[in-house]
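Trainee: Quick one: the structure is below, and I'll ask about it shortly.
The values are calculated or read from the model by the stated rules, or taken from the named source; none is laboratory data. Here the structure is a predicted model, which means the values were calculated and not measured. Here the Cβ is made from the backbone with ideal geometry for all residues, glycine too, and neighbour counts use every protein chain on show.
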Amino acid sequence: MLKPRVRPKWRPPLALIVYAVLLTVMLLPMLTIIWFRVVRAASGAMAPAEIATLSAVLVLTLVVAYVLTRTLTVPINALITRTDEIARGGRSAIRPLEIYGTREVATLSQSFLDLAGKLVDHSDYVRSFATHVSHELKSPLTSIRGAAELLRDDDEENPMGVEQRNRFLANIIADTERLDRLLSRLRELAKAELPSEQGASSIQDIAAQLKMQFRQLAVVDEGSTDEMVTLPVEAAGIIFSNLAENAFQNGATMLAIRASAEGRRMSIQVRDNGYGIADGNRDRIFEPFFSTRRENGGTGMGLGIVRAMLTSHGGSIELLESSEQGTVFQVALPRSS
């Protein structure tokens with residue numbers, strides 16, 4: 001969804017409006033007093049000039065009140081109305097106001113639009129995620145329940161064979177293991193989206209950890225710098241081990257890491273020599289629970305956890321290229337000061 005933006009233009013600051021209103025209100029009676037005391041003697045009935053002066057004061061006061069109302073009250077009331085609409089689930093209310101009045105109100109409106117957009121997107125994400133979780137948990141639970149009912153209702157007159165019983169028990173064990181993997185991934189995802197610690201890691205240490213953890217992969221450090229990235233050691237381990245695990249599951253025997261500094265950010269390329277990602281799946285690999293290895297126990301949450309954890313630490317990940325010769329991911333992170 002294209003984020004709405006406040007149209008940039010010069011607007012008077014709120015302080016200028018307030019001071020102008022106060023000075024104007026104070027100046028008008030002073031001018032009236034000077035007129036009566038200096039120009040004319042205050043006696044007798046009100047002259048036409050005096051009536052005209054008071055009328056002018058009244059008109060100017062109404063103009064000042066109108067300006068104050070238009071610059072402050074109208075946009076603030078509009079924001080209140082938008083807040084109520086969004087609280088009732090109205091995504092259409094996330095749009096710029098017709099009137100902003102002052103610079104501060106325009107800035108406040110933009111902050112409101114940004115926050116409202118994030119909240120609505122997060123609400124949609126939670127709703128979609130809950131649907132996916134329910135679906136993923138329902139399949140193994142249904143399988144476990146069916147196998148358990150068959151075992152419970154085993155007929156003594158026509159007892160179940162040992163092979164059939166073992167098959168049902170094996171299915172129950174396999175489904176419970178899948179549930180355990182799903183719950184572990186969900187815990188990792190929850191931790192990824194709510195980082196509780198800060199820290200830094202070096203690319204060389206990350207590569208060394210992968211070499212120890214994935215001995216079946218030839219992990220190659222292609223000239224990484226010794227600079228640090230803003231990732232706690234535990235978070236770095238989760239992110240890059242998920243990438244290494246995906247590479248291994250897709251037939252890779254080699255994993256190369258190359259890091260380069262680009263200004264205040266660090267770019268890290270992770271390249272493998274696996275089977276690659278099919279063109280039809282390239283746009284879906286970061287979707288929660290999307291997996292091409294479901295029959296082999298894949299949960300489809302690895303890359304989703306990687307992206308969520310990187311986002312929570314100010315980073316990002318993208319798929320640069322993928323072919324039958326391998327896949328290249330690029331991770332971008334702030335450099336540690």
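Trainee: Kindly indicate whether Ile33 is assigned by TED's automatic domain parsing to the domain that holds Phe112, modelled with pLDDT of 75 or more and not charged (D, E, K, R). Can you show your working first?
Mentor: Working: assigned by TED's automatic domain parsing to the domain that holds Phe112: yes; modelled with pLDDT of 75 or more: no; not charged (D, E, K, R): yes.
For Ile33, the condition - assigned by TED's automatic domain parsing to the domain that holds Phe112, modelled with pLDDT of 75 or more and not charged (D, E, K, R) - is not met.
Trainee: Let me ask something else. Which count do you get for residues in region 137-183 that are loosely packed, with under 11 Cβ neighbours inside 10 Å and outside any helix (DSSP H, G or I)?
Mentor: Total meeting the criteria: 7.
Trainee: With respect to Val120, determine if the residue is at pLDDT below 75, of a type outside the set (D, E, K, R), surrounded by 15 or more Cβ atoms within 10 Å (Cβ to Cβ) and assigned to a helix (DSSP H, G or I).
Mentor: The answer is yes for Val120.
Trainee: Working carefully through the options Gly304, Gly297, find the one that is at pLDDT below 85 and surrounded by 20 or more Cβ atoms within 10 Å (Cβ to Cβ). Outline the logic, then answer.
Mentor: On the way: Gly297 fails: surrounded by 20 or more Cβ atoms within 10 Å (Cβ to Cβ).
Selected residue: Gly304, the only one of Gly304, Gly297 that is at pLDDT below 85 and surrounded by 20 or more Cβ atoms within 10 Å (Cβ to Cβ).
Trainee: Please work out which residue is modelled with the highest pLDDT, limiting yourself to region 192-224 and to residues that are β-branched (Val, Ile, Thr) and under 30 Å from the mean Cα position of the chain (by Cα). Please lay out each step first, then the result.
Mentor: At the first step, the residues of region 192-224 found to be β-branched (Val, Ile, Thr) are 203, 206, 219-220.
Subsequent filtering for residues that are under 30 Å from the mean Cα position of the chain (by Cα) retains 203, 206.
Values: Ile203: 81, Ile206: 85.
So, considering only residues that are β-branched (Val, Ile, Thr) and under 30 Å from the mean Cα position of the chain (by Cα), the one modelled with the highest pLDDT is Ile206.
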